[in-house]
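J.: For reference, the structure I am asking about is given below.
The values are calculated or read from the model by the stated rules, or taken from the named source; none is laboratory data. Not measured: the values here are computed from a predicted model. Neighbour counts are summed over all protein chains in view; Cβ atoms, including those assigned to glycine, are modelled from backbone coordinates with ideal geometry. Remember, those area values only see protein heavy atoms, side chains included, never the ligands or the DNA or RNA. Shrake-Rupley method; radii C 1.70, N 1.55, O 1.52, S 1.80 Å.
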Amino acid sequence: MRIQEYKETLSLVAYLFGYPDEGWWDTLSEARQAAEKLKNQQNRMVLLETINYIQLMGRREYEELYVRVFEFSANTNLYLTMHDRTDFGKQAREMLEFKNLFLDNGFDTNKELPDFLPAILELTAALSSDKAKVVLVMARPKLELLRQRFVEAKLAHTFLLDVILTETDGLEGESA
């Protein structure tokens, strides 16, 4: 039961970090229904409150926020290797590490760069808990840095990063 829960939770967070195109809006009510079924009360509440926030904001305003914050901001974009840009060689190595995580687990990232947060979350949702833990532990420092940037920008999506970090802790605790 715990295994399915982390998979569903990370898949929902990936969805909520996804680009809000026509298909995304069409399936938002399905995401709400899936979130309502989560057993973890804290995660369920965060996901439902995020969906409420998005719906209250409305389509146009949310899409503008998404593009401004997640696509055009160097500080809050969803590419995990982009936030510590002091060493481009290091960034290239990290990008290769993320790419190898996909390839080593039988996946490829044809549509997205391998450090794109929703893609990483979809990968972890498709993996066994042991393999998902490896991916999330590797991404943790980047997630924590991104969370710090979200806090500074006062983004509601900060709480979605908390859900990811909580799930990472849960997976780490399972093998401790």
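J.: Quick check for me: using +1 on Lys/Arg Cβ and -1 on Asp/Glu Cβ, what's the dipole size of the chain about its Cα centre, in debye to the nearest 20?
T.: Result for the chain is approximately 220 debye, rounded to the nearest 20.
J.: Using the charge dipole of segment 1-146 (Lys, Arg: +1 at Cβ; Asp, Glu: -1 at Cβ; taken about the Cα centre), state which of 17, 129, 118 has its Cα farthest towards the positive end.
T.: 129
J.: Still on this structure, I have one more. Could you report the accessible area of residue 64 in Å², rounded to 10, computed with a 1.4 Å probe on the protein chains as they sit in the structure?
T.: Surface accessible to solvent at residue 64 totals approximately 90 Å².
J.: Counting only complete DSSP H runs, which helices of the chain cover 20 Å or more along their long axis at the Cα atoms and score a mean Kyte-Doolittle of 0.0 or above? Mind dumping the intermediate values first?
T.: Values: long enough: 2-16 (21 Å, -0.07); 41-57 (24 Å, 0.05); 88-104 (23 Å, -0.39); 129-152 (32 Å, -0.05); 158-174 (24 Å, 0.37).
Those that pass (Cα extent of 20 Å or more, hydropathy at least 0.0) are 41-57, 158-174.
J.: Based on DSSP H runs of at least 4 residues, each adding -39500 (n - 2.57), what is the mean residue ellipticity at 222 nm of the chain after dividing by all its residues, to the nearest 500 deg cm²/dmol? Can you show the working numbers first?
T.: Working: 9 runs with 122 residues, N = 176.
Estimated from H runs of four or more residues: -22000 deg cm²/dmol.
J.: Ignoring ligands and nucleic acids, what accessible area does residue 67 show with a 1.4 Å probe (Å², nearest 10)?
T.: 30 Å²
J.: Could I have the simple spin-label model distance between residue 140 and residue 21, label points 7 Å from Cα toward Cβ, reported in nm to one decimal?
T.: The modelled label-to-label distance comes out at 3.5 nm.
J.: Express the accessible area of the chain per residue in Å², computed with a 1.4 Å probe while the remaining protein chains stay in the model.
T.: Numbers: 9090 Å² over 176 residues.
Here the residues of the chain average 52 Å² of exposed surface.
J.: For Cα Rg over 2.2 N^0.38 Å, one of [x] 1.14; [y] 1.43; [z] 0.99 was computed from the structure I shared and the rest are decoys. Which label?
T.: [z]
J.: On to the next question. Name the aspartates and glutamates eligible as straight-distance cross-link partners of residue 37: C-alpha to C-alpha under 17 Å, and not fewer than 8 places from it in the same chain.
T.: Hits, sequence-local ones excluded: 5, 8, 49, 167.
J.: Would you list 111, 142 from the most to the least accessible area, probe 1.4 Å?
T.: On the way: 111 195, 142 25 Å².
Descending accessible area places them as 111, 142.
J.: What relative contact order, as a whole-number percentage, does the chain give when Cα pairs under 8 Å and 6 or more residues apart are counted?
T.: After rounding, I find 27 percent.
J.: Here is a follow-up. For segment 146-176, run through the trypsin sites (Lys or Arg not before Pro) and keep only the ones in DSSP coil with at most 15 other Cβ atoms within 10 Å of their Cβ. The partial results should precede the final answer.
T.: On the way: sites: 147, 149, 154; in loops: 154.
Sites meeting the loop and neighbour criteria: 154.
J.: With +1 on the Cβ of every Lys and Arg and -1 on the Cβ of every Asp and Glu, and nothing else charged, how large is the dipole of segment 20-120 about its Cα centre, in debye rounded to the nearest 20? Before the final figure, lay out each step's value.
T.: Details: 12 positive and 18 negative charges, 57 e Å.
Dipole about the Cα centre, nearest 20: 280 debye.
J.: Using heavy-atom solvent-accessible surface (probe 1.4 Å) with all chains present, what is the largest-first order of 66, 15?
T.: Working: 66 5, 15 45 Å².
Ranking 66, 15 by accessible area, largest first, yields 15, 66.
J.: Which of the peptides 37-43, 74-80 is most tightly packed, and how do the rest follow, judged by the mean count of other Cβ atoms within 10 Å per residue?
T.: In descending order of packing, they fall as 74-80, 37-43.
J.: Please report, as a whole percent, how much of the solvent-accessible surface of the chain comes from carbon and sulfur atoms (probe radius 1.4 Å).
T.: 53 percent
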